[in-house]
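Participant: Below are the structure tokens for one structure; questions will follow.
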Amino acid sequence: MAPQQIQIEVAYATPERQQIIPLRVPAGTVVADAIERSQIKQYFPEIDLAEQKVGIWSKAVKLDHELRDGDRIEIYRPLIADPKAVRRRRADQAKDEGRADPVTGGRRRKRTDESADAAEENE
């Protein structure tokens, strides 16, 4: 009896193009083996699984993760900027432009006429 087959996809994208390769593999296949079987490196020779992270449906997994029917393996490119630094720069710019509170960095609340009147009464 032939081993049970499962249907999966292997996906990789660059800013210029993307490739999604549908694949049938035996049940029990792990991520690394499926990527190898997909031959996606023929399209993107820059893929380096020793350096790049992989995931299934946007959730990070290890290369030895066993696949299930319907999984989509995603090979992630390295980040080009630190997300924390980008958020910090964006917040600083908002403060400089007056769109954010200079102390907390949060959004400035729009005052309604009633809240402005109440604030004046409390002063």
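Nothing in this text is a laboratory measurement; each read-out follows from the coordinates by a stated rule. Quick caveat, the model's predicted, so the values are computed rather than measured. All Cβ positions, even for glycine, are placed from backbone atoms using ideal geometry, and neighbour counts span all protein chains on display.
Participant: Name every residue in the stretch 48-91 that is surrounded by fewer than 10 Cβ atoms within 10 Å (Cβ to Cβ) and under 29 Å from D33 (Cβ atoms), in order of residue number.
Facilitator: Selection gives A50, E51, S58, K59, D64, P78, L79.
Participant: Which of the residues belonging to the stretch 33-67 are of a type in the set (D, E, K, R), closer than 15 Å to T14 by Cβ and assigned to a helix (DSSP H, G or I)?
Facilitator: Let us first name the residues in the stretch 33-67 that are of a type in the set (D, E, K, R), namely 33, 36-37, 41, 46, 48, 51, 53, 59, 62, 64, 66.
Adding the requirement that they be closer than 15 Å to T14 by Cβ leaves 41, 46, 48.
The one that is of a type in the set (D, E, K, R), closer than 15 Å to T14 by Cβ and assigned to a helix (DSSP H, G or I): K41.
Participant: Scan the stretch 20-48 for residues that are out of contact with any strand residue (DSSP E or B) (no Cβ under 6 Å at 6 or more places or on another chain) and of a type in the set (F, W, Y) and report the count.
Facilitator: Counting residues in the stretch 20-48 that are out of contact with any strand residue (DSSP E or B) (no Cβ under 6 Å at 6 or more places or on another chain) and of a type in the set (F, W, Y) gives 0.
Participant: Let me ask something additional. Applying the selection to the stretch 17-35, what residues are over 17 Å from G55 (Cβ atoms) and out of contact with any helix residue (DSSP H, G or I) (no Cβ under 6 Å at 6 or more places or on another chain)? Step through it out loud before you land on a result.
Facilitator: Let us first name the residues in the stretch 17-35 that are over 17 Å from G55 (Cβ atoms), namely 17, 22, 24-28.
Residues satisfying the conditions are R17, P22, R24, P26, A27, G28.
Participant: Does any residue in the stretch 14-27 that is touching a residue at least 60 places away in the same chain (Cβ under 8 Å) come within less than 9 Å, Cβ to Cβ, of a residue that is not polar (S, T, N, Q) six or more places away or on a different chain, and which pairs are these?
Facilitator: Close Cβ pairs satisfying both conditions: T14/F44; T14/E46; T14/R77.
Participant: Within the stretch 1-19, track down each residue that is surrounded by 14 or more Cβ atoms within 10 Å (Cβ to Cβ) and not small (G, A, S).
Facilitator: I6, I8, E9, V10, Y12, Q19
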